[in-house]
Amino acid sequence: MVAGVPDRYLRFDRDSWASLRAATPLTLAERDLAELQGINERIDLDEVAAVYLPLSRLLNLYVSATMDLHRVSATFLGTISPKVPYVIGVAGSVAVGKSTFARILQALLAQWPDHPKVDLVTTDGFLLPNAELVRRDLMNRKGFPASYDTRRLLEFLRDVKSGAPEAHAPVYSHVVYDIVPDECVTVRQPDILILEGLNVLQVGVDSSEFVSDYFDFSIYVDADEADIESWYIERFLTLRRSVFQDPRSFFRHYADLTDREAVATARGIWAGINGLNLRENIAPTRDRASLILHKDSDHRVSEVELRRL
């Protein structure tokens, strides 16, 4: 904080944030949580109660207020209030746990009676196909801003926010590491749409229109880079023993690495690609988020920052 300049964020330690849960009920069981967690994620029901439930309560209040605003506007204009989804962006580094976070948040928000239909879309589907990345010499920059079809992503969000009956997003396979031809995810006027990805808070290069222009609320999942690198290496080792064993896997050539070779390979990928992308493109967007969750080395959230209205 600069002297004399008001802080843009309200800061809460874990206990202070947890107290804002109020009487919000815990609607997930252990078996539900197990199905929602990603590789090497260690999130328990205590974490859900302390961190996710206060956030769920806050977002429920925000969604309700936005719905009321739409109704007031429609009354003023003498029209029928269209159904416009409330859009939440979730950003953060590779391996920081944002995908698991988004799935748990989706499950909790869907339990509120005023907005039971909550869809989740990842921006992986808006990566350019591998053939195009090769043509542009961007395969080693996959996940960087230039590797996305930003125009198509913006068209998808325009359809969602205009109240179109359907909006279509491409499908990405983490096994073959590429877009799946002729497949799509169809979004049909949900109450809430969660858009999760590395690039959702980036401002773009050649466009005056940004992905975040379509967000009603945005969340950045944060952690120290050393911790994220450690989680990335741990995940790489787990994938080597599982997904990489699939003959269809793009990374099948990593499956037979020794532990030492796998760790060295993961460190090299982190240093040359994911860590670089974090420092150059992802971390600089942190302070554009409506809310920042900071995770410690044990994956537990220790601090929450909420932007002042």
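Filter the stretch 264-290 for residues that are touching an Asp or Glu at 6+ places or on another chain (Cβ under 7 Å) and not aromatic (Phe, Trp, Tyr); which is farthest from Lys98 (Cα to Cα)? So the residue we want is Gly275.
Residues in the stretch 11-56 that are surrounded by 13 or more Cβ atoms within 10 Å (Cβ to Cβ), out of contact with any helix residue (DSSP H, G or I) (no Cβ under 8 Å at 6 or more places or on another chain) and not small (Gly, Ala, Ser): Arg11, Glu47.
Results for (1) part of a helix (DSSP H, G or I); (2) under 20 Å from the mean Cα position of the chain (by Cα), shown as yes or no for each residue.
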site: Ile39; (1), (2): no, yes
site: Asp46; (1), (2): yes, no
site: Ser56; (1), (2): yes, yes
site: Ser64; (1), (2): yes, no
site: Thr75; (1), (2): yes, no
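Counting the residues of the stretch 213-238 that are surrounded by 13 or more Cβ atoms within 10 Å (Cβ to Cβ), over 22 Å from Ile104 (Cα atoms) and among the aliphatic types (A, V, I, L, M) gives 2.
For Ser230, indicate whether it is under 30 Å from Pro165 (Cα atoms), assigned to a helix (DSSP H, G or I) and small (Gly, Ala, Ser). In short, no. Selection of the stretch 150-186 for residues being touching a Phe, Trp or Tyr at 6+ places or on another chain (Cβ under 8 Å) and in a strand (DSSP E or B) yields Ala167, His168, Ala169, Pro170, Asp178, Ile179, Val180.
From the set of residues in the stretch 118-153 that are over 15 Å from the mean Cα position of the chain (by Cα) and touching a residue at least 60 places away in the same chain (Cβ under 8 Å), which is nearest to Leu193 (Cα to Cα)? It comes out as Thr150. The residue list Arg240, Arg286, Arg267 contains one member that is under 22 Å from the mean Cα position of the chain (by Cα) and of a type outside the set (Val, Ile, Thr), which is Arg286. Among the residues making up the stretch 110-149, a single one is under 19 Å from Ile273 (Cα atoms), of a type in the set (A, V, I, L, M), in a loop (DSSP other than H, G, I, E, B) and touching a strand residue (DSSP E or B) at 6+ places or on another chain (Cβ under 9 Å): Leu128. The sole residue among Asp191, Asp182 that is farther than 30 Å from Ser297 by Cα and free of Cβ contacts under 8 Å to residues at least 24 places away in the same chain is Asp182.
One line per residue, one yes/no per condition, for (1) at pLDDT 95 or above; (2) in contact with a helix residue (DSSP H, G or I) (Cβ under 9 Å, 6 or more places away or on another chain):
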{"residue": "Val205", "(1), (2)": "no, yes"}
{"residue": "Glu209", "(1), (2)": "no, yes"}
{"residue": "Asp216", "(1), (2)": "yes, yes"}
{"residue": "Asp222", "(1), (2)": "yes, yes"}
{"residue": "Trp231", "(1), (2)": "yes, no"}
{"residue": "Ser242", "(1), (2)": "no, no"}
{"residue": "Thr258", "(1), (2)": "yes, no"}
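Scanning the stretch 192-203 for residues that are touching a helix residue (DSSP H, G or I) at 6+ places or on another chain (Cβ under 7 Å) and either part of a helix (DSSP H, G or I) or modelled with pLDDT under 95 (or both) yields a total of 5.
Listed by first and then second residue, the pairs with beta-carbon distance under 7 Å, at least 6 apart or on different chains, first residue in the stretch 99-115 and under 20 Å from Tyr220 (Cβ atoms) and free of Cβ contacts under 8 Å to residues at least 40 places away in the same chain, second surrounded by fewer than 19 Cβ atoms within 10 Å (Cβ to Cβ) and of a type outside the set (Val, Ile, Thr), form an empty list. Filtering the stretch 289-309 to residues that are hydroxyl-bearing (Ser, Thr, Tyr) and either without any contact (Cβ under 8 Å) to a residue 12 or more places away in the chain or not in a strand (DSSP E or B) (or both) leaves Ser290, Ser297. Which members of the stretch 16-31 meet the condition of being farther than 11 Å from Asp44 by Cα and either of a type in the set (Phe, Trp, Tyr) or in a helix (DSSP H, G or I) (or both)? Once the filter is applied, which keeps residues that are farther than 11 Å from Asp44 by Cα and either of a type in the set (Phe, Trp, Tyr) or in a helix (DSSP H, G or I) (or both), the stretch 16-31 yields Ser16, Trp17, Ala18, Ser19, Leu20, Arg21.
The values are calculated or read from the model by the stated rules, or taken from the named source; none is laboratory data. Being a predicted model, the structure only gives us computed values, none of them experimental. Ideal geometry is used to build each Cβ from the backbone, glycine not excepted, and the neighbour counts take in all protein chains shown.
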